[in-house]
Amino acid sequence: MSHKIDINGDNPTKNYGSMATLAQVFATIAQSFLLVGLGMELTMSTIVIQDLYNNPKSEFSLTTSQVSWYGSILFVFHPTGSFLSGFLQERFGRKRCMVVANIPSIFGWIMLYYTHSVVALYASTVLMGLSIGFSEAPILSYVGEITEPRLRGMMASLASAAGMLGMFLTYLLGYFYEWRTVALLSTLCPITCICLVMLIPESPIWLIANGKNEKAKKALCWLRGWVNPEIIAAEHLELVRYNEVSGTRIGKANVELDSLSSKLAQLKDPSVYRPLRLVMIVFFISYIICLLPCKPYFSQIMNQVDLSNDQSLLLVFFSILQIAGCIILVLSVNYLGKRFLTVMSVSINTILIILFGLYIVALNNNYIKSTPWFPTLLLSGISLFGTSISTLPWMLISEIFPNKSRGVAAGSCAALSYFLMFILTKTYLTIEIMLTLEYTMLLFGGIGIFGLIYLYIYLPETENKTLLEIEEYFK
C-alpha cells in the first residue's frame with residue numbers, strides 16, 4: 001500500500017559521510033567516460049565538416065546535402081541502441097550493458113581514422129550512434145539508483161559535465177591535430193571506460209529486483225563508503241520495500257514484465273507517460289535554446305557574423321564555458337534546486353538568442369557595423385548558461401520513472417530524444433535557408449519564451465527527494 005507523498009516537503013535522509021561521497025563520485029566518474037565519449041562523438045562532425053565541406057584540396061569533400069546527412073545521421077541510430085538497451089539492461093544489468101556499449105565506439109573511431117569515402121564516413125557514425133544509444137539507458141538508470149538523495153542532483157550534473165568535457169577534448173585536439181589523428185586518439189576513451197566500469201558494483205536496486213540480495217548488500221556497502229553490512233541494513237530494507245511498492249517482487253521481476261508487449265504496455269501507465277511527456281518537452285526546449293541543432297554547422301554560422309578568424313580556438317573557448325557551467329551546476333544544484341536553475345538558464349538563454357537574432361538583422365540592414373566581440377559575447381553566454389537546461393532532462397530521466405519501468409522508460413525516452421535531435425538537426429539547414437539565420441534565431445527565441453512558461457507551470461522540484469517520493473508524485 002502506498003501513500004501520497006508531498007514532493008515539496010522535507011524528508012531528512014541518512015548522511016553516510018565523506019567516504020560514501022567519495023565512493024559514489026568514483027562510480028559516477030567511471031561510468032561517465034561513456035558520456036565523455038558521447039560528447040566527443042557529437043562534436044566530431046563539426047571538426048570533420050570544417051575540413052571537408054566543399055574543400056577541393058581534401059582527399060574527398062562533402063556537399064551541402066552530404067553535410068546535412070553526416071551532421072544528423074548519428075541521431076538516427078541512437079534511438080535504435082537506446083530502445084534496445086532499455087530492455088536488455090533489465091535482463092543483464094546496468095554494468096554489463098555499459099561495458100558492451102563501448103565496443104561499437106572503438107570500432108567506429110578506428111573506421112573514422114581509416115575512412116577515405118563518404119560511405120565509410122557514414123558507417124563510422126552509425127557505429128558511434130549505436131554505441132551511445134546503447135549506453136544511454138543504463139547510464140541514466142545507474143546514476144539514479146546508486147546515489148543518495150542528497151547527492152543525486154550533483155552526481156547527475158557531474159555525469160552531464162562529462163559530456164561537456166568530451167566536447168572540449170574534441171575541440172582541443174582539433175585545434176592541434178587534423179581530424180584523423182583526433183579520431184585515433186579518441187579510441188582511448190572507450191578503452192578507459194571499460195577498465196573503470198569493471199571496478200564498480202552493479203546497481204543494488206537491480207540486484208534486489210533480480211533476487212540477488214547478498215550481492216545487493218555488498219554493492220551497497222561499496223557505494224556507501226566500503227562500510228560493514230550493519231551500517232547499510234536500514235537502507236537495504238528500504239530498497240527492498242521500494243521494489244515491492246514499485247511493482248517488483250524480491251527474487252524475480254514481476255511476471256508481467258516478461259514479454260516485449262507487456263514492457264511496452266507499461267508506457268501507457270500514467271506514472272510513466274506523464275514524466276515521459278514532461279521530459280520530451282524539456283528535451284525540445286533545451287535543444288532549441290542551447291542551439292544544439294546548429295552544432296554541426298557552427299563554423300558556417302560564425303562566418304555569417306564575421307567570426308571567421310580563429311574558429312577552432314573559439315570552439316575550444318565555448319566548450320570551456322560549458323564545462324564551467326557544469327561545475328557551477330554541480331556546486332549549486334543541491335542548494336538552489338533544479339527548478340530554479342532551469343528557469344534561470346532558460347530565461348537568460350532566450351534573451352541571448354533573441355539579441356543574437358536582432359544583432360544579425362541590424363548587421364544585414366546596415367544599421368550597425370560589424371562588431372565581432374558582441375556575437376562572441378552572446379554565444380559565450382549561451383554556452384555558459386545553457387548548461388542547466390541541457391542537463392535537466394538527463395537528470396530527470398535518472399530519477400522520475402518508476403522502478404518497475406525505469407529501464408524501458410529511460411531507453412524509450414533516450415531513443416525519442418535522439419530521434420527528435422535527428423529531425424531538428426536534419427531540418428535546420430532547410431529552415432535557415434527559408435527564414436535566414438536571423439529569423440531562425442528569433443524563432444528559437446520565441447520557443448524559449450514558450451518553454452519558460454511551460455517549465456514554470458509544470459516542472460516540479462525533485463532535488464533532495466527520494467525515488468519513492470518522486471514516483472508517488474507522478475502517480
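If you count only protein heavy atoms and use a 1.4 Å probe, how large is the accessible surface of Asp310, to the nearest 10 Å²?
110
Past the 20 Å Cα-Cα mark, which pairs from Lys217/Lys338; Lys295/Lys369; Lys95/Lys218?
Long pairs (Cα-Cα over 20 Å): Lys217/Lys338; Lys295/Lys369.
Go through 54-67, 157-170 and give me the packing order, highest mean Cβ count within 10 Å leading. Before the final figure, lay out the partial values.
On the way: 54-67: 12.6, 157-170: 24.9.
Ranked by mean Cβ neighbours within 10 Å, highest first: 157-170, 54-67.
Could you work out what % of the accessible surface of the chain is carbon and sulfur, using a 1.4 angstrom probe and leaving DNA, RNA and ligands out of the count? List each step's numbers first, then the result.
Numbers: 12780 of 18960 Å².
C and S atoms contribute 67 percent here.
Taking amide H positions as placed in the peptide plane 1.01 Å from N, state which residues far from Leu62 in sequence (5 or more) or on other chains have amide H under 5 Å from it.
Result for Leu62 returns Tyr53, Asn54, Asn55.
So what is the calculated 222 nm ellipticity per residue for the chain, using -39500 (n - 2.57) for each DSSP H run with n of 4 or more, over all residues, to the nearest 500 deg cm²/dmol?
Result for the chain, helices only: -25500 deg cm²/dmol.
How much accessible area per residue does segment 24-172 have, counting only protein heavy atoms and a probe of 1.4 Å, in square angstrom?
On the way: 4670 Å² over 149 residues.
Dividing the accessible area of segment 24-172 by its residue count gives 31 Å².
Any idea what diffusion coefficient the chain gets from Stokes-Einstein, in µm²/s, Kirkwood Rh on alpha carbon pairs, 25 °C, 0.890 mPa s? Mind showing how you got there, number by number?
On the way: Rh = 22.7 Å.
Approximately 108 µm²/s, per Stokes-Einstein.
When only the heavy atoms of the protein chains count and the probe is 1.4 Å, how do Trp373, Trp394 rank by accessible area, highest first?
Working: Trp373 165, Trp394 50 Å².
From most accessible down to least: Trp373, Trp394.
Packing-wise, with mean Cβ within 10 Å as the measure, how do 361-367, 191-197, 215-221 rank, highest first? Before the final figure, lay out the partial values.
On the way: 361-367: 12.4, 191-197: 17.7, 215-221: 21.0.
Answer by packing, highest mean first, reads 215-221, 191-197, 361-367.
Rounded if a/c is under 1.5, else prolate if a/b beats b/c, else oblate: with a ≥ b ≥ c from the C-alpha gyration tensor eigenvalues square-rooted, which is segment 154-195? Don't jump to the answer; show the numbers that get you there.
On the way: a/c = 4.67, a/b = 1.55, b/c = 3.02.
The shape class here is oblate.
Which order do Arg339, Arg180 take by accessible area at a 1.4 Å probe, largest first?
Values: Arg339 60, Arg180 35 Å².
These residues rank, largest area first, as Arg339, Arg180.
Tell me the net charge near Ser332. Cut-off is 12 Å between Cβ atoms, Ser332 excluded, with +1 for each Lys or Arg and -1 for each Asp or Glu.
0
Could you calculate, for segment 341-475, the ratio of the Cα radius of gyration to the Kirkwood radius, expressed as Rg to Rh? Provide the component values of the computation, followed by the final result.
Working: Rg = 18.3 Å, Rh = 17.1 Å.
Taking Rg over the Kirkwood Rh, I get 1.07.
Please give the solvent-accessible surface of Glu235 in Å², to the nearest 10, using a probe radius of 1.4 Å with every protein chain present.
We get 40 Å² for Glu235.
Could you give the angle, 0 to 90 degrees to the nearest 10, between helix 18-52's Cα long axis and the longest principal axis of the Cα atoms of the chain?
30
The values are calculated or read from the model by the stated rules, or taken from the named source; none is laboratory data. The structure displayed is predicted, hence computed values, not measured ones. Glycine also receives a Cβ, built like all others from the backbone with ideal geometry; neighbour counts cover every protein chain displayed. Just so you know, the surface numbers come from the protein's heavy atoms only, side chains and all, with ligands and any DNA or RNA stripped out. Shrake-Rupley method; radii C 1.70, N 1.55, O 1.52, S 1.80 Å.
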